[in-house]
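Taken together, the values in this text are just the output of simple stated rules run on the coordinates, not laboratory data. Note that this is a predicted model, so its numbers are computed, not measured. In this analysis, Cβ positions are derived from the backbone assuming ideal geometry, glycine residues included, and neighbour counts consider all displayed protein chains.
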Amino acid sequence: MKISIISIPVRDQEKALKFYTEKLGFIKKLDLPLEGGNRWLTLVSKEAQDGPEILLEPAPLHFEPSKVYQEALLEAGIPYTQFDVEDVQIEYDRLSKLGVEFSMEPMEMGTVKVAVFYDTCGNNIQLVEKI
Amino acid sequence: MKLSETMTFYETELRRIRKQVYSNQQQLDLVIGIKKLIDANYDSDLNLDMLSFHRFISKYYLLRLFKRYFGLTPKQYLIDKRIEKSKEFLRAGTSVTQTCFAVGFKSLGSFSVLFKEKIGISPKQYQKEQLSRSKLNSNHI
């Protein structure tokens, strides 16, 4: 068994695609049309283009429990997805300049440093740096 | 840019947990220092005696402490580090033998076994796959 895809539920696929590629710097890997305007939309990170993909899936639009769960996590500031970075402070500064909103500023947590931002599509995302 | 001045439930919880789990800053500084030492010297002949001597602590204490904070022993961490670095060398086209010694392994046999154990394929196979991939990309096929 191999881990190849991690899903991120988004409220708007097009908006999410723009945010994840233009602001976060991910690269689009697959974009296949499905029914009803929905897409099979996956991205990879620039540094690991043959690595795991994230799937931006429109679950909150079509499945009520997904929407409820996402809203509750968002409200509580809980990130369900995290990305590794070399330096959290540098990413925090870079993304802030691009207008990305953080719900938690860079903070040391034992052997890592973390920060949490809003992906504009319903999710808190955590950045992690190994100190 | 900070969204709001009030702390989220998540941050409140994180701070509470940090107080309980990571309150010993001295220990944290020690293990992080050891980890940075390994990061900077992964290609040399590191061992637990040297690491503990470097910080004037018992090697058994160091072993326990490192594992408690990183979930790995210093030795396991060093091996992971060397394997990660070896991937960079292999991708750049360095031969398997040269790569093995460049990242600090002493024997080609143990390097190949460890690599296969961690990555799932042999160093040679890994290099072949990576190089043919980059060739494909540069040809825009």
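Rounded to a whole number of µm²/s, how large is the Stokes-Einstein D of the protein assembly as shown at 20 °C and 1.002 mPa s, given Rh as the Kirkwood radius over C-alpha pairs?
100 µm²/s
Enter the angle in degrees (range 0 to 90, nearest 10) between the Cα long axis of helix B:59-70 and the first principal axis of the Cα atoms of chain B, meaning the one along which they spread out most.
It works out to around 90 degrees.
Using a simple spin-label model with points 7 Å from Cα along the Cα→Cβ vector, what separation in nm is obtained for residue B:73 and residue A:76?
Distance between the two pseudo-spin positions: 3.8 nm.
Using Cα centres only, tell me the gap between the range A:21-48 and the range B:58-76 in whole Å.
Their Cα centres are 40 Å away from one another.
Averaged across B:5-12, how many Cβ atoms of other chains sit within 10 Å of each residue's Cβ atom?
Mean partner-chain Cβ count within 10 Å for B:5-12: 5.
Bin all alpha-carbon pair distances of chain B at 5 Å intervals from 0 and give each bin's fraction as a whole percent.
Using 5 Å bins, I get a P(r) of 2, 9, 15, 15, 12, 12, 11, 9, 9, 6, 2, 0 for chain B.
Only sites in a loop by DSSP and with at most 14 other Cβ atoms within 10 Å count here; which chymotrypsin sites (Phe, Trp or Tyr not before Pro) in the range B:1-108 make the cut?
B:56
Amide H of residue A:7: which non-local residues (sequence gap of 5 or more, or other chain) have their own amide H closer than 5 Å, using H built in the peptide plane?
Placed amide hydrogens put A:55 under 5 Å from residue A:7.
Cα convex hull of the range A:5-130: mean projected area in nm², to one decimal?
7.7 nm²
Kindly provide the Kirkwood hydrodynamic radius of the range B:25-76 in Å, to one decimal, from all pairs of distinct alpha carbon atoms.
After inverting the mean inverse Cα-Cα distance, the result is 10.8 Å.
Please give the helix A:88-97 orientation as an angle from the longest Cα principal axis of chain A, in degrees from 0 to 90, rounded to the nearest 10.
Helix A:88-97 sits at roughly 60 degrees to that axis.
Picking from A:75, A:91, A:47, which is most flexible by a Gaussian network model of chain A using Cα springs under 10 Å?
The residue with the greatest mean-square fluctuation here is A:47.
At residue A:48 and residue B:91, where each label point lies 7 Å from the Cα along Cα→Cβ, what is the point-to-point distance in nanometres?
Reported label-point gap for residue A:48 and residue B:91 is 1.1 nm.
Output needed: percent of Cα pairs per 10 Å distance bin for the range A:49-113, bins running from 0 to the one holding the longest distance.
15, 37, 37, 11
Other chains' Cβ within 10 Å of B:16-27 residues: what's the mean?
1
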